[in-house]
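Only one structure is covered here, and it is reproduced in the block below.
The values are calculated or read from the model by the stated rules, or taken from the named source; none is laboratory data. Bear in mind the structure is a predicted one, so any value in this text is a computation, not a measurement. Quick reminder, even Gly has a Cβ in these numbers, built from the backbone with ideal geometry, and neighbours come from all protein chains shown. Protein only, heavy atoms only, side chains kept; ligands, DNA and RNA dropped before computing areas. Shrake-Rupley method; radii C 1.70, N 1.55, O 1.52, S 1.80 Å.
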Amino acid sequence: MPIYSLLNKLLAENKPAAIATVISGEMAGTKMLVFGGAMAAGGIHPDLDAVISADAWDLLVEGRSEVRTYTAAGVTLDVFLETFPPPLRLVIVGAVHVAIPLHRVAKMLGYHVTVVDARGVLATAERFPLADRLMVEWPDDAMNALGLDSSTSVVVLTHDPKFDIPALLTALNSPARYVGAIGSRSTHRQRMETLLGEGATGEQIARIHAPIGLDIGAQTPAEIAVAIMAEIVANQRGKNTRTIS
């Protein structure tokens, strides 16, 4: 399959990839597609393909593209490493009032939004018209099916242990970038005890942002949604806002 056809296929499946292109000398225009940290199609130089693939994948994890210079067997190449990271995703567990403005704000910021709730009366297209996906399923089943990755943020809004605990356990056992849960400090202390009893480690529990959202004095559902997304964006930009209760 041609390189760009394969790239389009991977991107359509929300899978990260990178293209390495020689931009100088006689080999200018030579390309290689990188997927999963290894060459997937094409090729630049047999002595350089492995290191170029590794560099491209490292940049992809960082969400950056750049030009690098490589030398092998007397050949020096300037190579543009162009990365295509997966889209930022937000998984909202609990189709409650706060989730409605939250899904709107997230879409404005370019997130792919999934709303999950086992209660079909709440998880409807009328309530969440901008959601990319609505899943009327138990949270842990839905998130296992989605496949959480490092581009995913998970927000648990159900405020009900029978939904909260399975959702949080699934999120904490994944590479999800952000995990937050609504509730007071006392609620979160009880939640932590339950999670420990279910096998979660202290290190995993420390990943939970709770109380959720930046402290901006939010009171209304819309204000709470802004506080949550502000914290998610700060986390995405490398600002540590985690609160350990």
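Select the strands (runs of 3 or more DSSP E) contained entirely in the range 59-132, then report the ones holding at least 1 residues which are modelled with pLDDT of 95 or more, open to solvent by less than 10 Å² (accessible area, probe 1.4 Å) and in contact with a Ser or Thr (Cβ under 7 Å, 6 or more places away or on another chain).
In the range 59-132, the matching strands (runs of 3 or more DSSP E) lie at 75-84, 89-93.
Out of (1) open to solvent by less than 50 Å² (accessible area, probe 1.4 Å); (2) over 20 Å from Ile3 (Cα atoms), the odd one out for Ile44 is which?
Ile44 satisfies every listed condition except (2).
Out of the residues in the range 21-41 that are out of contact with any helix residue (DSSP H, G or I) (no Cβ under 8 Å at 6 or more places or on another chain) and in a strand (DSSP E or B), which is least open to solvent (accessible area, probe 1.4 Å)?
Val22
Conditions first: (1) in contact with an Asp or Glu (Cβ under 7 Å, 6 or more places away or on another chain); (2) open to solvent by 20 Å² or more (accessible area, probe 1.4 Å); (3) of a type outside the set (S, T, N, Q); (4) more than 17 Å from Leu77 (Cα to Cα). Ala18 passes all but one, so which condition is the exception?
(2)
Search the range 142-159 for residues being loosely packed, with under 15 Cβ neighbours inside 10 Å and at pLDDT below 90, and hand back the single one that is nearest to the chain's Cα centre (by Cα).
Ser150
Cβ-Cβ under 6 Å, sequence separation 6+ or interchain: first residue in the range 1-20 and closer than 19 Å to Ile44 by Cβ, partner assigned to a helix (DSSP H, G or I). Which pairs?
That search, which allows pairs on different chains as well, returns Ala17/Leu7; Ala17/Leu10; Ala18/Ala56; Ala18/Leu60; Ala20/Ile52; Ala20/Ala56.
Matching residues to (1) of a type in the set (S, T, N, Q); (2) at pLDDT 95 or above; (3) assigned to a loop (DSSP other than H, G, I, E, B):
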position	(1), (2), (3)
Val179	no, yes, no
Thr187	yes, no, no
Gly199	no, no, yes
Pro211	no, no, yes
Arg242	no, no, yes
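For the range 23-57, give me each residue that is over 15 Å from Thr83 (Cβ atoms), hydrophobic (A, V, I, L, M, F, W, C) and touching a His at 6+ places or on another chain (Cβ under 9 Å).
Met27
Taking only the range 118-143 into account, find how many residues are farther than 11 Å from Ile92 by Cα and in contact with a Pro (Cβ under 8 Å, 6 or more places away or on another chain).
Here the count works out to 3.
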